[in-house]
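Every read-out reported here was derived from the displayed coordinates using simple, explicitly stated rules and does not represent laboratory data. It should be emphasised that the depicted structure is a prediction, and the values quoted were computed from it without experimental measurement. Neighbour counts run over all protein chains shown; Cβ positions are idealised from the backbone, glycine included.
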Amino acid sequence: MATNTNSLPKHQSARINWLAKEVIAWVLVIGIFATLLTYWYIWSSVVLSNLQIAGLWITGGLLTFTPFIQKYLQALNLRFEQDLILRFAFIVPAFISILLLLNYFLPVAIYQETHSITGTYDIVIYKKRMELSYVGLILKNDAYAGVEKIRTIDPRNVPDYPQQITYTFNQGIVGIKTLKEYAIK
């Protein structure tokens, strides 16, 4: 009596496909949760320039081509477009968010920087029948010129003739600075 040897690989293949789908589903759930948490609570205090953000995206994109993740994505048998959407719409933001969350919640050092203010300018943002006004700071030696959100202050917190600003930063475990507080004199 001959045994059917084809059933064993199909069973293992089905189990690998189920495991791959389960892992990808959990990555998507954790990624969406981490991305929302990062956007709501952490993103406004992260000190990154546009170049550093692009570097995070490139690193995250390259991470999706590691053999560990590649194994799970290949088991899903996705078309090329679906594979790219899964990588760059879900996995890369999840990677960046988890990295920023670890950086935020695991600080290595706290330090202060003081910068002289050489000028200010008005920032007006128009949103759905509203006008939001902010004050932009120009710092000596163009400090944080590429990071406008750290130089954008609510007008109620700015004295008439500001002289200097002191930032207190957390240096995270990943090495990314996070703004803890600031004081204007």
Here, Gln112 and Gln82, labelled 7 Å along Cα→Cβ, have an inter-label distance in nm of 5.7
Once the in-chain neighbours fewer than 8 apart are removed, the lysines whose Cα is under 29 Å from Lys71 read Lys10, Lys21
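Which order do peptides 104-110, 69-75, 42-48 fall in by mean Cβ count within 10 Å, highest first? Intermediate results must be reported in sequence, preceding the final value.
Values: 104-110: 12.6, 69-75: 14.9, 42-48: 16.4.
Averaged packing, sorted descending, gives the order 42-48, 69-75, 104-110.
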So the number of lysine pairs in the stretch 107-184 with alpha-carbon atoms under 26 angstrom apart, 8 or more residues apart or on different chains, is 7
Cross-link reach from Lys185 to aspartates and glutamates, straight Cα distance under 17 Å and at least 8 residues apart if same chain, gives Glu113, Asp154, Asp160
In this structure, the FRET efficiency calculated for Trp26 and Leu179 from their beta-carbon separation, with R0 = 45 Å, to the nearest 0.05, is 0.90
quick shape note, the stretch 7-105: Cα extents on principal axes in Å, largest first -> 55, 22, 19
Under the helix-only model (-39500 (n - 2.57) for each DSSP H run of 4 or more, divided by the residues of the chain), the mean residue ellipticity at 222 nm, to 500 deg cm²/dmol, is -13500 deg cm²/dmol
Quick calc: nm separation of the 7 Å Cα→Cβ label points for Leu63 and Asn50 -> 2.4
All alpha-carbon distances of the stretch 105-185, grouped into 10 Å bins from 0, give the whole-percent distribution 17, 45, 28, 10, 0
By the DSSP-based rule, helices of the chain that are at least 18 Å long along the axis (C-alpha) and have a mean Kyte score of at least 0.0 are 7-37, 50-63, 92-105
